[in-house]
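Enquirer: My structure is below; once you've seen it, I'll send some questions.
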There are 2 protein chains.
Amino acid sequence: MEFKHQATVTLAEVAEAAGVGESTVSRVLRNHGSFSGKTRDRVMAAVERLGYVPNRIAGTLASTASRLVAFVIPSLSNIVFPDVLRGASAVLEENRYQAVFSVTDYDPGKEEALAAAMLAWRPAAVMLAGYEHTEGTVKMLRASGCRIVELLDLDGDALDLAVGFSNRAAGRESAAFLLKRGYRRIGYVGHDLNRDTRAGKRFSAFCETLGAHDAPLADREILAGASSVENGRLGLERLLARTPDLDAVYFSNDDMALGGYFHCLARGIAIPSQLAIFGYNGLDIGRATPQPLSTIRTPRVATGHVAAQLVVANAPPQVVDLGFELIEGATA
Amino acid sequence: MEFKHQATVTLAEVAEAAGVGESTVSRVLRNHGSFSGKTRDRVMAAVERLGYVPNRIAGTLASTASRLVAFVIPSLSNIVFPDVLRGASAVLEENRYQAVFSVTDYDPGKEEALAAAMLAWRPAAVMLAGYEHTEGTVKMLRASGCRIVELLDLDGDALDLAVGFSNRAAGRESAAFLLKRGYRRIGYVGHDLNRDTRAGKRFSAFCETLGAHDAPLADREILAGASSVENGRLGLERLLARTPDLDAVYFSNDDMALGGYFHCLARGIAIPSQLAIFGYNGLDIGRATPQPLSTIRTPRVATGHVAAQLVVANAPPQVVDLGFELIEGATA
DNA sequence: AAGGAAAATGGCAGCGCTGCCATTATTGGC
DNA sequence: GCCAATAATGGCAGCGCTGCCATTTTCCTT
C-alpha cells in the first residue's frame, strides 16, 4: 500500500540536459566546489526546465550526513511541546534541517519504540523530554552515535546535551513565594504525576519547601488523566469540599490553575484574599484574565531554539540552564 | 558541520554474524517472504547481539516507497495545528509512518520553499492547510506525484484529497445563530485576515449573512498580528470605545473571544444581556469558564486522523466534510 | 611563448538496502 | 522411494546521490 513515486527527474537527466557531468550538477546545486558562471546558468536552466527536485534520501545515504532532527515528545495537547517545536523549527528551517517527530503519550515504553523508529532515519540529533528514559532507550541512543538533547528538565544527569531549567527549583520558588506572601494552609491540585515526571519534581520540591517552613501541604487532589482547564476546576472543587479552610492552592500548571480560577469566579470566592492561586508555565492567557495569574514563566520556545542551535553548531556536550521567571500576578 | 554517523552496524554484518544471506535478514526483519523459524531466531539473535538498527534511508531509496508524511503548517502557536498533528500522528505511528513538518508562519512564499524542501524527502503525502497556495506550489506538488492533502478548508477546489469542513458555512451559521437570538448591532474583532484566509472566509460569510438579514456588521476591529487572548481583549476594548451600543461581537476565534470575555468580566459588562460574545474553534477552556463560551466546535483532531487514514490506505482523491458543531454556550 | 598553479569538470565506486531471479532444501502424494 | 510442488535461501544489480580522484581547461607569470 505504500506510495510509489512516478517518473522523477534524476540528477543524471539534468546533467544530460545541461550537457555537463553529474558531479558538476551536484556541485552547482549545493554551491560547493568550483564551477563557472556559464555552467551554473546552464545547469539551473535545465533544473528549471525539467522541474528537478533533488532526492534527499539518496543524498543523505551517499553522504552519510543527516540533516534530520528527531523529536520524541510526550504530547501535543500540552502547549509546552508545540512551543518547543516552534522554537526549534525556526532555527532548523533556517539551516535547512528537517524536523521529524512522534508522540509518546508519556509512555516510556512507547518512547523506546518510537526512539528506535526515529533512529532508523539516522537523524543528526534526537530530542527528548527530560531525563526519565528506559534503560533500553538510553542504550540505544548511546549506541546510535547521534546527538541526544534532553529538554525542559535539568534535575538529573545529561546524556549529552540538555537545555531547559530546573523543575525542582520552580517548585521550590513557588512555595517560597506563597510562604513569603503569608499563606500557610496550602493545597495542591494536579494531574497524573507518574507520567508527567517534571510536574512530579515540581510537586515534591514544593512540598519539601513547605515542610521546611513548618507549613506542610494541607491537602492535595490528584486527578487521573492529562492536565486540562476542566480538571483544574473539578480538582479545586473537590479539594475545597474536603478542606475548605485552605488559603492558597498550587496547581500543576496554568491550565489547571485557570480551571481553579474560573471555579472561584463562578462561586464568588475572592481571589486572592479568600483563596490564592498559583500556576506554572506562564501562558499568555494568564496575563489577560481580569486578575493576571501568579505563575512561573518557563522558556519553552527558547528551549527549542537553543537546543536546535546547539545541534546545528554541533556543540560539545553541555547543560544549558535557561532559568524561569516568577510572575507575581494578582492571584496570589 | 553536519553530523557524521559512526560505525553503524549494517545488514551485511548481521547476515555475516547470523551465517545467512543478506536477503534472508531483510526478509526476516520485514517479515515478508518465507524463512524458517530457526533462521528467524538466528537472525534476531544476531540483530540483538550487534544492536542493529535498520537504515530507513537506504531502505527507502532501494524500494522507492516512502513512509514519510510531510506537514506544511502555518503555525504551531495556533492550537488548531498541533491538534491536527496529534490526530494524524496517532494513525501514522500505528502504521509505521513518520511525520515530518515545517512551519510557514502563514507566508505563501515560505510555504512554497518549505514544500519544495519537503518534496526532496520524497514523502508519501504532503499535508497543507487550506486551498490558498502559490501557483508554484501547486505546480510542484502536482508534478511530484505524491499525495496531496488539503486540510481544514473545503471552500475551494481540492487538488487531490481534502479533509475538513466549510469555513464559510461556519461563518454563516454563527451569524444565523446571533440573529436568531435577536442581536442586531453586531461587531467583529479579528486578527490579520490576509494571512489567515480561513478566518477571512468565515468573516466574509458572516457579514454576508448579516447583510442578507438587514443587520449589516455595525463595526469591526482588526488587529495586526496573530490571534491571541490579549489581542481579543484589546480589540474589544477599542471596538466598544468607538461603537458602545453593540449588542454582540463575533471573534475570529476562541482565543480572541476569551480575551473579549475577560474584558467584560473586568469591566463589569454583563454577558450576554449587555453584550453577547461568540467565538470559533470550541476549545476546551471555553467550556470551563464561568459561562461556557458560545462558539463552533471544529473537528481538528479528527481532521488529522482522517487525513492520515486516507493516506495510509492510499484512498482515491476525495473530499471529506467532517462538519462542525455549534455550541450554544451561555455567552450569546 | 612556455611553464605552472589554479579552476573547472567528468568518471565512477559505493552509501545500505530491496527486488528480482536463480538455486537449493523440504515436503507430500501415490 | 521418485517426482513435482513448495519452501528457503543466496547473489547481485541498482535506487540517486556524493566524495574522491584524474583529467582538462584557463589564467597568470616571467
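Enquirer: Treating the point 7 Å from Cα along Cα-beta-carbon as the label, what are the nm separations from A:HIS213 to the other copies, to one decimal?
Expert: 5.5
Enquirer: Quick one: if you stick a label point 7 Å off each Cα along the C-beta vector at A:VAL138 and A:ARG267, how many nm between them?
Expert: Roughly 4.3 nm, to one decimal.
Enquirer: Looking at the calculated P(r) for region A:123-224, what percent of the C-alpha pair distances fall above 15 Å?
Expert: Summing the P(r) tail past 15 Å for region A:123-224 gives 66 percent.
Enquirer: Please name which of A:ALA17, A:LEU29, A:TYR52 has its Cα lying farthest along the dipole of region A:11-54 towards the positive end, using unit charges on Cβ (Lys, Arg +1; Asp, Glu -1) and the Cα centre as origin.
Expert: So the residue furthest toward the plus end is A:LEU29.
Enquirer: Once each part is reduced to its C-alpha centroid, what is the distance from region B:25-78 to region A:26-56 in angstrom?
Expert: Value for the Cα centre distance between the two parts: 33 Å.
Enquirer: Also, quick follow-up: Kindly put B:SER66, B:SER77, A:SER273, A:SER252 in sequence by how many other C-beta atoms sit within 10 Å of each C-beta, fewest to most. Show your work: numbers first, answer last.
Expert: Numbers: B:SER66 23, B:SER77 20, A:SER273 8, A:SER252 29.
Ascending number of Cβ neighbours within 10 Å: A:SER273, B:SER77, B:SER66, A:SER252.
Enquirer: Can you give the translational diffusion coefficient of region A:1-96 in µm²/s, computed by Stokes-Einstein from the Kirkwood radius over Cα pairs at 10 °C and 1.306 mPa s?
Expert: Details: Rh = 16.2 Å.
Using the Kirkwood radius from Cα pairs, D works out to 98 µm²/s.
Enquirer: Now for a separate question. In which sequence would A:ARG233, B:ARG30 go, from the one with the fewest C-beta neighbours within 10 Å to the one with the most?
Expert: Values: A:ARG233 24, B:ARG30 11.
Taking fewest neighbouring Cβ atoms as first place, the list is B:ARG30, A:ARG233.
Enquirer: Please report the equivalent ellipsoid semi-axes of region A:209-332, computed as sqrt(5 x eigenvalue) of the Cα gyration tensor, largest first, in whole Å.
Expert: Numbers: eigenvalues 202, 52, 38 Å².
Equivalent ellipsoid semi-axes, largest first: 32, 16, 14 Å.
Enquirer: Nm distances between the label at A:ALA224 and the same-position labels in the remaining copies, 7 Å along Cα→Cβ, shortest first?
Expert: Counterpart label points of A:ALA224 in the remaining copies fall at 5.1 nm.
Enquirer: Of the cross-linked pairs A:LYS110/B:LYS38; A:LYS110/A:LYS139; A:LYS139/B:LYS38; A:LYS38/B:LYS110, which ones have a Cα-Cα span greater than 24 Å in the structure shown? Could you put the intermediate results ahead of the total?
Expert: Numbers: A:LYS110/B:LYS38 29 Å; A:LYS110/A:LYS139 15 Å; A:LYS139/B:LYS38 27 Å; A:LYS38/B:LYS110 29 Å.
Correct reply: A:LYS110/B:LYS38; A:LYS139/B:LYS38; A:LYS38/B:LYS110.
Enquirer: Okay, moving on. Kirkwood-based Rg over Rh for region A:256-312 (C-alpha set), two decimals?
Expert: Here the Rg-to-Rh quotient is 1.20.
Enquirer: Quick one: putting +1 on the C-beta of Lys and Arg, -1 on the C-beta of Asp and Glu, what dipole do you get for region B:36-139 around its Cα centre, in Debye to the nearest 20?
Expert: In debye, rounded to 20, region B:36-139 gives about 840.
Enquirer: Please name which of A:ILE186, A:VAL163, A:ALA176 has its Cα lying farthest along the dipole of region A:149-189 towards the positive end, using unit charges on Cβ (Lys, Arg +1; Asp, Glu -1) and the Cα centre as origin.
Expert: A:ILE186
Enquirer: Which one, B:GLY268, B:SER63, B:LEU234, is farthest towards the positive end of the dipole of chain B when Lys and Arg carry +1 and Asp and Glu -1 on their Cβ?
Expert: Selected residue: B:SER63.
Enquirer: Using alpha-carbon positions, what is the distance between the centroids of region A:270-332 and region B:216-238, in Å?
Expert: 26
Enquirer: Could you tell me the ratio Rg/Rh of chain A? Both radii from Cα atoms, Rh via Kirkwood.
Expert: Values: Rg = 25.3 Å, Rh = 22.4 Å.
Rounded to two decimals, Rg/Rh equals 1.13.
Enquirer: Using alpha-carbon pairs under 8 Å, 6+ residues apart, how would you state the relative contact order of chain A in percent? Display every interim value, and only then the final one.
Expert: Values: 625 pairs, mean separation 53.0, N = 332.
Here the relative contact order equals 16 percent.
Enquirer: Take every Cα-Cα pair in region A:11-54 and report what % of them are more than 15 Å apart. Mind dumping the intermediate values first?
Expert: Details: 242 of 946 pairs.
Value for region A:11-54: 26 percent of Cα pairs lie more than 15 Å apart.
Enquirer: Every other copy gets compared here: list the nm distances from the A:LYS180 label point (7 Å along Cα to Cβ) to its counterparts, shortest first, one decimal.
Expert: 5.3
Enquirer: Mind sorting B:LEU234, A:LEU236, B:LEU326 by how few other Cβ atoms lie within 10 Å of their own Cβ, fewest first?
Expert: On the way: B:LEU234 19, A:LEU236 28, B:LEU326 16.
Placing the least packed residue first, the sequence is B:LEU326, B:LEU234, A:LEU236.
Enquirer: For the protein assembly as shown, place one equal point scatterer on every Cα, skip the solvent, and apply the Debye formula. What is log10 of I(q)/I(0) at q = 0.07, 0.08, 0.10, 0.11 Å⁻¹?
Expert: So the normalised log intensities are -0.52, -0.67, -1.00, -1.16.
Enquirer: Still on this structure, I have one more. Report the FRET efficiency, 1/(1 + (r/R0)^6), for A:GLU208 and A:ALA12, where r is their Cβ-Cβ distance and R0 is 56 Å, rounded to 0.05.
Expert: Details: r = 66 Å, r/R0 = 1.18.
The pair A:GLU208/A:ALA12 has a calculated efficiency of 0.25.
Values quoted throughout were computed directly from the atomic coordinates according to the rules given, and no laboratory measurement underlies them. Fair warning: this is a prediction, and the values are worked out from it, not measured in the lab. Positions of Cβ are backbone-derived with ideal geometry, glycine not excepted, and every protein chain shown enters the neighbour counts.
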